[in-house]
1. In region 159-170, how many residues are free of Cβ contacts under 8 Å to residues at least 60 places away in the same chain and of a type outside the set (S, T, N, Q)?
2. Give Arg130, Arg160, Arg147 a once-over and let me know the one that is of a type in the set (Lys, Arg), within 21 Å of Leu64 (Cα to Cα) and crowded, with 17+ Cβ neighbours inside 10 Å.
3. Of all residues being of a type in the set (Phe, Trp, Tyr) and in a helix (DSSP H, G or I) in region 164-211, which is farthest from His121 (Cα to Cα)? Just the residue, please.
4. For region 176-191, which residues satisfy the criterion of being buried (at least 20 other Cβ atoms within 10 Å of the Cβ) and under 14 Å from Asn75 (Cα atoms)?
5. Could you tell me which residue of region 74-133 is farthest from His175 (Cα to Cα), considering only residues that are among the hydroxyl-bearing types (Ser, Thr, Tyr) and assigned to a helix (DSSP H, G or I)?
6. Would you point out which residue out of Asn75, Asn111, Asn176 is in contact (Cβ under 8 Å) with a residue 12 or more places away in the chain, in contact with a Gly (Cβ under 9 Å, 6 or more places away or on another chain) and under 22 Å from Val49 (Cα atoms)?
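Bear in mind that the values in this text are calculations on the coordinates, not laboratory data. Predicted model only: the values in this text are computed from it and were never measured. Here the Cβ is made from the backbone with ideal geometry for all residues, glycine too, and neighbour counts use every protein chain on show.
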Amino acid sequence: MLRTTIASILVILLGWSAAFWVTDHFQIWTEEGARRLQVTLQPIDIPPVIIEGPHLAQTTLPTLLQQENGVTIVNFIYTRCQAVCLSLSSIFQQMQTLLLDEASGHQYAKNIHLLSISFDHQRDDLAALRTYADNLGAQPERWRFVRLPQAEQEQTLLQRLGVIVIPDGRGDYEHNTALLIFDHTGRMIRIFDMEEYQLALEYAHHLASKQQNAAL
């Protein structure tokens, strides 16, 4: 009986130790959790991929993101999506409304921007992006839509940021729906679930405040 009890305790301890090591002190349980922790600990620089969009001449993504004391919240969508992209765009609509309402009374709100990046460069041309943005009431000074005209650069960006896009064989895609936070240097520094959009916005306010104070 005593041997059985001791053996059971050893199995539990070994299991606990393995979980402690694998999950980095129980901080992560999934690959996505590991990715988010890694980004928090080591922000990711993005490659100088070329982007274009309505009301925006061709430039590089780092150039667009490197706005003085700016913070950008990014999502990835494609305009034909009838599933999660609608939720992502609805969330950005709410964020835009909040930011515009705050702009006059909140000194940091004007430094927070929204960016939707299409990963469907073949079908999401400039006209499609413009129509999509107009239908959502996106205001270019606050919320931009862009595409990557070069397929190779599109894949490079998706891989660098850990954005998973899988064709479903019917002309649509399965993809993750995170909100990505970029600082004024163009680095990705935090990742939030779509459902955590309020927390993402609060963090963006905090970061904008921190960046502006550091610049003083």
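1. Residues in region 159-170 being free of Cβ contacts under 8 Å to residues at least 60 places away in the same chain and of a type outside the set (S, T, N, Q): 6 in total.
2. Numbers: Arg130 fails: crowded, with 17+ Cβ neighbours inside 10 Å; Arg160 fails: crowded, with 17+ Cβ neighbours inside 10 Å.
When all the criteria are applied, what remains is Arg147.
3. Top of the filtered list is Tyr203.
4. Ala178, Leu179, Leu180, Ile181, Phe182, Met188, Arg190, Ile191
5. Kept after step one, since they are among the hydroxyl-bearing types (Ser, Thr, Tyr), are these residues of region 74-133: 78-79, 87, 89-90, 97, 104, 108, 116, 118, 131-132.
Applying the additional criterion that residues be assigned to a helix (DSSP H, G or I) yields 87, 89-90, 97, 131-132.
Numbers: Ser87: 13, Ser89: 14, Ser90: 17, Thr97: 26, Thr131: 22, Tyr132: 19 Å.
Once the filter is applied, the top-ranked residue is Thr97.
6. The conditions single out Asn176.
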